[in-house]
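Colleague: Handing you a structure now.
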Amino acid sequence: MRNFMSWLGLAMFLLLAGCGDEQQEYQPSFVAQQAQPEKHYSFAIHPLHNPEMLLERYGPIVDYLNRHIEGAHFTLEASRNYEEFDKKLYAGQLDFALPNPYQTVNSLKHGYHVFGKMGDDHNFRGIWLVRRDSGIRKVTDLKGKKVSYPAKTALAATMMPQYYLHTHGIDVNKDVENLYVGSQESSIMNAYLGQVAAAATWPIPWMLFQQQHPDKAAQLELIWQTEPLINNGLVARSDMPKELVERVAMLLSTLHENEEGRALLARLPISRFERANDASYDVVRSFLATFSRNVRPLEPQ
Amino acid sequence: MNLAPIRLLRHFWFASIRRQVTLSFAAVSVLVMLLFGYGILEQERDFLRKQSVDYAQGLAHTVAVSSASWVVANDVAGLQEVLASIGRSRSLRYALVLSSEGRVLASSQPENVGLYVNDALSRRLLDATASEPLVLLDNTAMIDVAEPVMLGNRQVGWVRIGFGRDEMAANLRKVERAGYLMMAVSIAATLLVALALSGRVTGRLQQLVDVANQIHAGRRDARAQVSGSDEVSALADNFNTMLNELEKSERGLAARGNALSRANTDLTRFAEISAHHLMEPSRRLSSYSQNLRERLDAIPELRRDNEVRNSIEYIERDAARLRNLVRDIQLYLAASEPRGAVCEEDANAVVAALERRLAQRLLEQGAAIECGALPPAVLDKPRLNDLFAVLVDNALIHARPLDPAQPLRIHIGGERGEGLSRYRVADNGPGIPAEYRERVFEMFERLTAGGEGGSGIGLSIARRIVESRHGRIWIEQAEQGGVAVVFELPDRESAE
């Protein structure tokens, strides 16, 4: 009898225990301002790579800035394509940016100033890749063929290779079909897949492709390269605190002077960042004028 | 502690096998169904919980993977499109894409885009160091999961999905309702079966109980009529067989009892007649010896002859002894049967009357009777007189104080026991060793060569009277060192 009562009690307890955990719904709450002392700044990189790779290569540089600048927090901002980057840059949405030289020149008209640039200008040139089995040997072999570029506004990877074609007897507006495929890697892959006869890019993406896809890269060859120009610029919007811009410029331009900095630069890969100013990009303005006049007109940005 | 409710409960429980069987079945079925139902419900609850967690985590993972490049690009419009792709479930409470700092990049409530989450749960999420899926909230009301937005091996934000569990609760309620219904049906069915089974079993057992009651009421021919071939019918058959055997045995016993009774009656009659016939010569013997003594007194030379005188004294003494013996035998024979109405008698009055009758003898022996207040005795008065008389007589004959200077004191006391009256007749004589205290109740047993005037069956008469009323009698050591004869007379006649 006692055992029975114990079992009954246990059953009732279990039943009641199972019924007693009704809980309230939860809703997150929001505020307009973050309760943190740090000021947030965006640091946008033009679509040198797809966002994941961009984050992998440039994320540590931004982390480095965050560690060495108190009271400011930089967030790396990628863009899915050149158009998106251009739109944000020219709308003044970005605090700091690393545009290509063409975009650098254009940004000056939208409230930005140059405070530095990537080094290794000798690497800032356009290159042409073809499949080894494509049969393309001279520039005119491209006539009537499709060629790929990352984007219309890419200086080294698009405009300079197009200028190269122009100076080697190809009218890029008539003799070839131009495909703007969105990114450096896409342009290279189009050549590898045989979708185009040749792909335009620039040395750094090509080096990375060789590292990451050596078997595919082995089926491609660098067939032509353009003359070098000035490398990508570092710009800051005019309303950024001068001390902050100076601090960023100092940290980036001295990266190559320490072991950690060199390791970070090796990921990009460049040997250094350098100080620069708006006048540094006059050569680009000159090239663009020539390009617009002789190759294809550039839309005003 | 008040034990009455427990006793009541015990009585309620144990008073009926049918009740025990029915309630046991019902209780066990309720218990089993409760445990079973609870187990099923818990399993269902666990399953639905896990399912909702898996679903929420899967959805959060999908959104996180789809959002990664949009988060890095800070493309809130693109992220809003990603969120729109997950559809609008009725249970979805919120879906958020957060930057690592907690800024809302996209939300199922677009008005929150650009704001920062700041509640405790959200802050706990933002403070988390590990970039791994988290279950922030998992209760009966809702589930909230967070999935890190990873690009490569870098975390760039969080996706949070919150689902209400009202649908799960509704499902559980359905299961609960179904469970309760099944439980009720099952219990009802169990009760019906229990009632039918216990009714069949106990109904047939009740027949046996009825037969037993009839037998007890005197209907010796009553027999159980239980059909079937199960254990109860086998028990009924055995019960009937036993009753038949008992009846047969009872008839035999009655016949033997009657024969014994007749024999006893004959024997008693023979003894009474014998006593009567023995009494007559003893009286004549006394009478003739008296005449003889008177004649001898007239002849002086014979009166001085000691041999003649001693012979006459022996004849007179033996005649008296024979008369006493015959009288006590008559008393013994009559001791087992009432000689009047058995009712409550005043023992004090009986002892007082006895004291008056024995006044001369007490005076001669220098003895005294001390009597306390005695409780009433349930016995017919003649035998109550005999009982006290033989015990006092026994003391007067056998109890001689060791110190001749001390007078014999007979103390009669009594008290009430449970359903009986207890009496004690004690003296200050030499007492009886413990090993002989039972033996002296046998007829003609004497412990000493003396005891003149005693027949040797006084205590036997006392025992026969007491035991005829299912009482007890025994000997103890008296406080004053002598014998204490103790006897108990029950108020009601016991069957033991």
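The values are calculated or read from the model by the stated rules, or taken from the named source; none is laboratory data. Just so it is clear, the model here is predicted, and its values are computed rather than measured. Reconstructed Cβ throughout: ideal geometry from the backbone, glycine too, with neighbour counts over all protein chains shown.
Colleague: Looking at B:ARG200, is it farther than 30 Å from B:ALA68 by Cβ, more than 13 Å from chain A (Cβ to nearest Cβ) and either touching a residue at least 40 places away in the same chain (Cβ under 8 Å) or surrounded by fewer than 18 Cβ atoms within 10 Å (Cβ to Cβ) (or both)? First the steps, then the outcome.
Modeller: Values: farther than 30 Å from B:ALA68 by Cβ: yes; more than 13 Å from chain A (Cβ to nearest Cβ): yes; either touching a residue at least 40 places away in the same chain (Cβ under 8 Å) or surrounded by fewer than 18 Cβ atoms within 10 Å (Cβ to Cβ) (or both): yes.
Considered against the rule, which asks whether it is farther than 30 Å from B:ALA68 by Cβ, more than 13 Å from chain A (Cβ to nearest Cβ) and either touching a residue at least 40 places away in the same chain (Cβ under 8 Å) or surrounded by fewer than 18 Cβ atoms within 10 Å (Cβ to Cβ) (or both), B:ARG200 comes out as yes.
Colleague: Here is a follow-up. Count, please, the residues in segment B:44-80 that happen to be within 30 Å of A:PHE85 (Cα to Cα), within 12 Å of chain A (Cβ to nearest Cβ) and not in a loop (DSSP other than H, G, I, E, B). Reasoning before the result, please.
Modeller: Going through segment B:44-80, the residues within 30 Å of A:PHE85 (Cα to Cα) turn out to be B:59-80.
Still in the list and also within 12 Å of chain A (Cβ to nearest Cβ): B:65, B:67-79.
Narrowing further to those that are not in a loop (DSSP other than H, G, I, E, B): B:65, B:67-72, B:76-79.
So the answer is 11.
Colleague: Would you confirm whether or not segment B:21-38 contains a residue that is surrounded by fewer than 16 Cβ atoms within 10 Å (Cβ to Cβ), outside the structural domain of B:LEU137 (by TED's automatic domain parsing) and touching a helix residue (DSSP H, G or I) at 6+ places or on another chain (Cβ under 7 Å)?
Modeller: Checked against the condition, which is being surrounded by fewer than 16 Cβ atoms within 10 Å (Cβ to Cβ), outside the structural domain of B:LEU137 (by TED's automatic domain parsing) and touching a helix residue (DSSP H, G or I) at 6+ places or on another chain (Cβ under 7 Å), segment B:21-38 yields no hits at all.
Colleague: Continuing with this model, one more query. Those residues that are surrounded by fewer than 16 Cβ atoms within 10 Å (Cβ to Cβ), part of a helix (DSSP H, G or I) and β-branched (Val, Ile, Thr), I need them from segment A:254-301; list them, please.
Modeller: Passing the criteria: A:VAL283, A:THR290.
Colleague: Kindly indicate which of B:ALA146, B:ALA130 is surrounded by fewer than 17 Cβ atoms within 10 Å (Cβ to Cβ), more than 9 Å from chain A (Cβ to nearest Cβ) and of a type outside the set (S, T, N, Q). First the steps, then the outcome.
Modeller: Values: B:ALA146 fails: surrounded by fewer than 17 Cβ atoms within 10 Å (Cβ to Cβ).
The conditions single out B:ALA130.
Colleague: Have a look at A:TYR82, A:TYR64 and point out the one that is surrounded by fewer than 23 Cβ atoms within 10 Å (Cβ to Cβ) and among the hydroxyl-bearing types (Ser, Thr, Tyr). Reasoning before the result, please.
Modeller: On the way: A:TYR82 fails: surrounded by fewer than 23 Cβ atoms within 10 Å (Cβ to Cβ).
None of the others qualify; the one that does is A:TYR64.
Colleague: Check whether at least one residue in segment A:160-169 is under 20 Å from A:HIS46 (Cα atoms), hydrophobic (A, V, I, L, M, F, W, C), outside the structural domain of A:ASN100 (by TED's automatic domain parsing) and touching a Phe, Trp or Tyr at 6+ places or on another chain (Cβ under 7 Å), and report yes or no.
Modeller: No: zero hits.
Colleague: A follow-up question, please. Looking only at segment B:203-234, which residues are of a type in the set (D, E, K, R), surrounded by fewer than 14 Cβ atoms within 10 Å (Cβ to Cβ) and assigned to a helix (DSSP H, G or I)?
Modeller: Result: B:ASP210, B:GLU231.
Colleague: Only one of B:ARG154, B:ARG173, B:ARG160, B:ARG219 is over 30 Å from B:ASP119 (Cα atoms), of a type outside the set (Phe, Trp, Tyr) and within 12 Å of chain A (Cβ to nearest Cβ); which? Break it down into steps so the answer makes sense when it comes.
Modeller: Working: B:ARG154 fails: over 30 Å from B:ASP119 (Cα atoms); B:ARG160 fails: over 30 Å from B:ASP119 (Cα atoms); B:ARG219 fails: within 12 Å of chain A (Cβ to nearest Cβ).
Unique residue meeting the criteria: B:ARG173.
Colleague: Give B:GLU294, B:GLU316, B:GLU301 a once-over and let me know the one that is acidic (Asp, Glu) and surrounded by 14 or more Cβ atoms within 10 Å (Cβ to Cβ).
Modeller: Sole residue among the options that is acidic (Asp, Glu) and surrounded by 14 or more Cβ atoms within 10 Å (Cβ to Cβ): B:GLU316.
Colleague: State all residues of segment B:81-123 that are away from chain A (no Cβ under 11 Å), surrounded by fewer than 14 Cβ atoms within 10 Å (Cβ to Cβ) and small (Gly, Ala, Ser); if no residue qualifies, say none.
Modeller: B:ALA84, B:SER85, B:GLY87
Colleague: Scan segment B:421-429 and give yes if some residue there is closer than 30 Å to B:VAL326 by Cβ, at pLDDT below 90 and not acidic (Asp, Glu), otherwise no.
Modeller: yes
Colleague: Please give the number of the condition B:TYR38 fails out of (1) at the interface with chain A (Cβ under 8 Å from one of its Cβ atoms); (2) part of a loop (DSSP other than H, G, I, E, B).
Modeller: Among (1) at the interface with chain A (Cβ under 8 Å from one of its Cβ atoms); (2) part of a loop (DSSP other than H, G, I, E, B), B:TYR38 violates only (2).
Colleague: Kindly indicate whether B:SER52 is at pLDDT 80 or above, among the polar types (S, T, N, Q), surrounded by 11 or more Cβ atoms within 10 Å (Cβ to Cβ) and touching a helix residue (DSSP H, G or I) at 6+ places or on another chain (Cβ under 8 Å). Quick ask: steps written out before the conclusion?
Modeller: Values: at pLDDT 80 or above: yes; among the polar types (S, T, N, Q): yes; surrounded by 11 or more Cβ atoms within 10 Å (Cβ to Cβ): yes; touching a helix residue (DSSP H, G or I) at 6+ places or on another chain (Cβ under 8 Å): yes.
Spelling it out, B:SER52 is indeed at pLDDT 80 or above, among the polar types (S, T, N, Q), surrounded by 11 or more Cβ atoms within 10 Å (Cβ to Cβ) and touching a helix residue (DSSP H, G or I) at 6+ places or on another chain (Cβ under 8 Å).
Colleague: Now for a different question. If I filter segment B:92-132 down to residues being part of a loop (DSSP other than H, G, I, E, B) and hydroxyl-bearing (Ser, Thr, Tyr), which single residue comes out as nearest to B:GLY164 (Cα to Cα)? Let's see the steps before the verdict.
Modeller: Our first condition is that a residue be part of a loop (DSSP other than H, G, I, E, B); within segment B:92-132, this holds for B:100-102, B:108-109, B:113-115, B:118-119, B:128-132.
Okay, now just the ones that are also hydroxyl-bearing (Ser, Thr, Tyr), so B:100, B:108, B:129, B:131.
On the way: B:SER100: 25, B:SER108: 14, B:THR129: 27, B:SER131: 25 Å.
Of everything passing the filter in segment B:92-132, B:SER108 is nearest to B:GLY164 (Cα to Cα).
Colleague: Out of all the residues in segment A:244-254, is one or more at pLDDT 95 or above, farther than 17 Å from A:HIS46 by Cα, small (Gly, Ala, Ser) and assigned by TED's automatic domain parsing to the domain that holds A:LEU179?
Modeller: no
Colleague: Is there a residue in segment A:172-181 that is touching a residue at least 24 places away in the same chain (Cβ under 8 Å), among the aromatic types (Phe, Trp, Tyr), within 16 Å of A:GLN225 (Cβ to Cβ) and not in a loop (DSSP other than H, G, I, E, B)? First the steps, then the outcome.
Modeller: Our first condition is that a residue be touching a residue at least 24 places away in the same chain (Cβ under 8 Å); within segment A:172-181, this holds for A:172-173, A:175-181.
So of that shortlist, the ones also among the aromatic types (Phe, Trp, Tyr) come out as A:180.
Retained after the next criterion (residues that are within 16 Å of A:GLN225 (Cβ to Cβ)): none.
The answer is no, given that none of the residues of segment A:172-181 is touching a residue at least 24 places away in the same chain (Cβ under 8 Å), among the aromatic types (Phe, Trp, Tyr), within 16 Å of A:GLN225 (Cβ to Cβ) and not in a loop (DSSP other than H, G, I, E, B).
Yes or no, residue by residue, for (1) modelled with pLDDT of 80 or more; (2) small (Gly, Ala, Ser); (3) over 36 Å from the mean Cα position of the chain (by Cα):
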site: B:ALA263; (1), (2), (3): yes, yes, yes
site: B:HIS276; (1), (2), (3): no, no, yes
site: B:ASN291; (1), (2), (3): yes, no, yes
site: B:ILE312; (1), (2), (3): yes, no, yes
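Colleague: Another question, then. Hey, can you tell me all the residues within segment B:112-168 that are of a type in the set (Lys, Arg) and closer than 21 Å to B:VAL53 by Cβ? I'd like the intermediate steps shown before the answer.
Modeller: So in segment B:112-168, the residues of a type in the set (Lys, Arg) come out as B:123-124, B:154, B:160, B:165.
Listed by number, the residues that qualify are B:ARG124, B:ARG160, B:ARG165.
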